[in-house]
């Protein structure tokens, strides 16, 4: 397997970059052969389908109440039963996937947008830039993510936008620290020295050489950060600080059902199962992607 390099580089730079990646088809082939990644991918694809197709696969609107049908157990009329005011639980669980996936993907997108540039700046520029960025990271790390999000929600109040702000305000820290650590390692490699010897500026070195070589662990970190964001949203909604009613949220449904779980077990069970399945799916997918993107896997 030959070496690879950015077009326009000399053979020294190409050799220093090491073995060539397997290519897109190679990644996909190894991804299909990974049972964990495939299992997680199927679960995530199913959840995305639920979120997108919710209006067409649910029998009634998620906020339609029917007091005469309250507290019903699972039946042919209501597959997962109804809640305290007669709303169809299956419909609300399907629509709850929208909230969870929106929070998971959006929070990690914001975290990547903030954390990756700061991590690269700290790793490449060093000096005072690195000092101030890392001191901010250390100060925020002293607060657990859930506690920090809880504090923000208490101040700002419930709402999807406030949830995204509360989760994203802390979620960028792991990505920033990972990007900085990877950048510090890569900037000492021979291919960076070769690029600088050819006259490449710092921006070119970062965007064309360092960044492509640290994307794999960043992608894994983002994938594994999605279930953490979903769990944080569920915990906040469970405490009554999530999305505003009547928008359905799995954590909110668990909180509403747990008070009557002794008699109406279905109210808390089914949304809890959805939270567990969602977190398992994204975790399996993240672990599988990590194995696929592991350079050592190229040898097998």
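Some points to look at:
- Candidates 82, 9, 91, 102, filtered to the one that is surrounded by 13 or more Cβ atoms within 10 Å (Cβ to Cβ), at pLDDT below 95 and within 20 Å of the chain's Cα centre (by Cα): 102
- Scope segment 32-64; condition over 18 Å from residue 254 (Cα atoms), in contact (Cβ under 8 Å) with a residue 12 or more places away in the chain and not in a helix (DSSP H, G or I); matching residues: 34, 58, 59, 60, 61, 64
- Number of residues in segment 131-181 that are over 24 Å from residue 237 (Cα atoms), at pLDDT below 90 and either buried (at least 17 other Cβ atoms within 10 Å of the Cβ) or within 16 Å of the chain's Cα centre (by Cα) (or both): the value is 0.
- Number of the condition not met by residue 97 [criteria: (1) within 30 Å of the chain's Cα centre (by Cα); (2) not in a helix (DSSP H, G or I)]: (2)
- Total residues in segment 68-77, condition closer than 18 Å to residue 253 by Cβ and in a helix (DSSP H, G or I): 1
- When residues in segment 158-202 are screened for being closer than 23 Å to residue 109 by Cα and outside any helix (DSSP H, G or I), 2 of them pass.
The values are calculated or read from the model by the stated rules, or taken from the named source; none is laboratory data. These numbers were taken from a predicted model, which means no experiment stands behind them. Cβ: placed from backbone, ideal geometry, glycine included. Neighbour counts: every protein chain shown.
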